[in-house]
1. Stretched out fully, how many nm does the piece from residue 65 to residue 29 gain, at 0.36 nm a residue minus the Cα gap?
2. Would you calculate the separation in nanometres between label points at residue 38 and residue 22, each defined as 7 Å from the Cα along the Cα-to-beta-carbon direction?
3. Using Cα pairs under 8 angstrom and six or more residues apart, how large is the relative contact order of the chain, in percent?
4. Let me spell out the model: positive unit charges on the Cβ of Lys and Arg, negative unit charges on the Cβ of Asp and Glu, origin at the Cα centre of the chain. What dipole size does that give, in debye rounded to 20?
5. Of the accessible area of the chain, with the probe set at 1.4 angstrom, what percent is carbon plus sulfur?
6. Taking only protein heavy atoms and a 1.4 Å probe, what accessible area per residue, in Å², does the chain have with all protein chains in place?
7. Under 5 Å between amide hydrogens, which residues at least 5 positions from residue 27 or on another chain qualify, with H placed 1.01 Å from N in the peptide plane?
8. Which one is right for this structure if Cα extents along the principal axes in Å is calculated from it: [x] 34, 23, 20; [y] 33, 27, 19; [z] 44, 35, 14?
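The values are calculated or read from the model by the stated rules, or taken from the named source; none is laboratory data. Note that this is a predicted model, so its numbers are computed, not measured. Counting neighbours? That spans all protein chains shown, and the Cβs are built from the backbone with ideal geometry, glycine included. Note: areas computed on protein heavy atoms with side chains; ligands, DNA, RNA excluded. Shrake-Rupley method; radii C 1.70, N 1.55, O 1.52, S 1.80 Å.
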Amino acid sequence: MPEVTIRYFAAARAAAGESTATARADSVKELVGTVSADRPELARVLGICTFLVDGERVELTAALEDGALVDALPPFAGG
């Protein structure tokens, strides 16, 4: 299972209480579940985020490779 880094921005950072985390996950969806387990506020915020993997927008089903950088971007400025 790949080890990846997730970076949190804005409300996601506030909910996570940190700016980055590392975890093992095969997909973005699995990563979201892993980092938000037992953290309902983070799960709620990640549920409305857009995700980038290595700078490219992806769907939750996107596969992850070892060393990937995942950005969790909640809506900014009302959008």
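1. 11.6 nm
2. 2.1 nm
3. Normalised by residue count, the contact order of the chain is 41 percent.
4. That gives the chain a dipole magnitude of about 340 debye.
5. C and S fraction of accessible area: 50 percent.
6. Per-residue accessible area for the chain comes out at 57 Å².
7. 64
8. Computing Cα extents along the principal axes in Å and matching it to [x] 34, 23, 20; [y] 33, 27, 19; [z] 44, 35, 14 gives [y].
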